[in-house]
Each structure stands twice: as structure tokens, then as C-alpha cells.
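> Dropping a structure here in C-alpha cells format, bear with me for questions.
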Amino acid sequence: MEVKEVLADCAYSGKDNLDYLYEDEITPIILLQPQVLEDHKDTGFEYIKDAQGMCCPAGHMSIRKAKQRKKKGTNKNQQNTYYFDVTKCQTCPLREGCYKPGAKTKTYSVRIISSTHQRASDYQAFTQRKKVRGQIESKNAEMKQAHGMVKAKYTGLFGMEIQAYLTSIVVNVKRMIRLIEEAKVAA
Ligand code: SF4
């Protein structure tokens with residue numbers, strides 16, 4: 001079987017999974033975890049592209065930016081940290097919950113979306129294919145809840161494969177009967 005696309009929910013949107021799919025030229029139609037995408041949308045902080053800086057809820061621009069290094073052995077995205085002028089924070093009417101009194105710095109960090117996640121995100125923007133996932137998921141739910149696929153009946157992949165084939169045959173036969181019945185009613 002040649003696999004061209006994988007449709008999955010956001011639990012499968014890890015970078016390793018996406019890289020693996022891209023390596024095999026398989027298109028992921030996978031909803032990304034919300035925190036992978038721009039995660040500052042509801043905070044009042046806004047990235048100003050022209051100024052290449054972050055604007056805080058009080059309307060002040062960041063004064064510098066630093067890129068946090070990726071920790072060795074982790075798969076976490078890198079971050080950009082934006083620094084704000086604390087003299088403005090000290091007298092800011094919006095400082096509660098934003099600036100800790102006495103702190104020498106005020107920073108705000110934004111995850112840098114990896115090229116892998118960016119690629120998956122770009123694809124999601126124009127694809128309608130993920131609608132199909134809903135239909136597949138409901139059949140999966142039927143197989144799990146009504147036909148015991150929630151639990152492997154046998155140990156080993158071969159046993160699992162047999163269980164999956166037999167369960168698929170059952171749900172397909174049910175569907176065939178339903179379609180025949182509907183055709184009879186319509187006739
Ligand atoms: S406390 Fe500082 S960073 Fe926060 S809104 Fe006020 S000026 Fe902006």
C-alpha cells in the first residue's frame with residue numbers, strides 16, 4: 001500500500017512524526033498543537049513585523065531581542081525573548097500580572113516555529129482534506145466502542161492485524177446491509 005497522506009489529530013503533531021513523514025514524502029494533514037503556533041495572540045502582546053519587535057499591551061515596543069539556544073537533547077522549539085524598558089514598566093498602569101515590582105528586566109518569549117511545523121501549518125492553511133478525518137474518526141469510534149477494538153485481543157502484531165481485519169469486515173458488512181436497505185426503501 002502506498003501512503004501519500006496521513007490524517008491525524010494534534011496528538012500526532014510532534015516534530016519527529018512530521019519529519020518522519022516528510023522523509024518518506026508523505027503529506028501530513030495533522031492539526032498542530034495550538035502552542036506550536038503563535039502563542040501570544042490572547043496576551044495583548046503583538047509582533048510588529050516592520051519594527052521586528054514585540055509591542056506590549058501598553059503600546060511600548062521591545063528594546064532588544066535575544067534568541068534562546070535550544071537545549072541539547074530536547075526537541076523543544078527555540079524561543080525569541082523580547083526585552084522591555086523597565087522604567088516604563090515601573091509606572092505602567094497595566095503592570096499588575098505583567099511586571100514584577102523590583103524586577104530588573106521584563107521579558108516576553110515567543111516560540112519560534114520550526115521549519116517542519118511551518119511547513120505543516122502552511123499546508124493546513126489551504127487544505128480541505130482534513131474534513132475527511134471526521135468521517136474516518138467516527139468509523140474508528142464505532143470499531144472501538146461497539147466491536148472491541150479498544151483493546152488488543154491477542155498479543156503480537158499478527159494477532160492485532162487479524163483483529164483489525166475481522167473488525168473492518170464486520171463494519172463494512174454492516175454498512176453494505178444499511179446501503180442495501182436504504183436502496184430498497186428508495187426503490
Ligand atoms: S508592564 Fe511593561 S511590558 Fe507590561 S504592559 Fe506595562 S509597559 Fe508593557
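> Can you give me the solvent accessible area of V171 with a 1.4 Å probe, rounded to the nearest 10 Å²?
Answer for V171: close to 10 Å² accessible.
> Work out from phi, with θ = phi - 60° and the Karplus expression 6.51 cos²θ - 1.76 cosθ + 1.60, the ³J(HN,Hα) of each residue of segment 170-184, listed in order in whole Hz, and give x for Gly and Pro.
4, 5, 5, 4, 4, 5, 4, 4, 4, 5, 5, 4, 5, 5, 5
> L31: accessible area at probe 1.4 Å, nearest 10 Å²?
80 Å²
> Counting only protein chains, not ligands or nucleic acids, how are F158, F84 ordered by accessible area (probe 1.4 Å), most first?
Heavy-atom accessible area, descending, gives F158, F84.
> Still on this structure: Using the Karplus curve 6.51 cos²θ - 1.76 cosθ + 1.60 with θ = phi - 60°, work out ³J(HN,Hα) for each residue of segment 135-144 in order, rounded to whole Hz, and write x for Gly and Pro.
Computed from phi, the couplings for segment 135-144 are 5, 5, 4, 5, 5, 4, 4, 4, 5, 6 Hz.
> Just by accessible area at a 1.4 angstrom probe, what is the order of R95, R133 from largest to smallest?
Working: R95 105, R133 55 Å².
Result of the area sort, largest leading: R95, R133.
> Then there's this: Roughly how many Å² of D19 are accessible to a 1.4 Å probe, to the nearest 10?
So the heavy atoms of D19 present about 50 Å² to solvent.
> Using 27 Å as the Cα-Cα cut-off, could you pick out the over-long pairs in K151/K184; K4/K139; K67/K131?
Values: K151/K184 36 Å; K4/K139 21 Å; K67/K131 37 Å.
Pairs exceeding 27 Å: K151/K184; K67/K131.
> Enumerate the amide H contacts of G53 below 5 Å, restricted to partners 5 or more residues apart or on another chain; note that Pro and chain-start residues carry no placed amide H.
Correct list: I48.
The values are calculated or read from the model by the stated rules, or taken from the named source; none is laboratory data. None of the values given here were measured: they were computed from a predicted structure. For accessibility, only protein heavy atoms count, side chains too; no ligands or nucleic acids. Shrake-Rupley method; radii C 1.70, N 1.55, O 1.52, S 1.80 Å.
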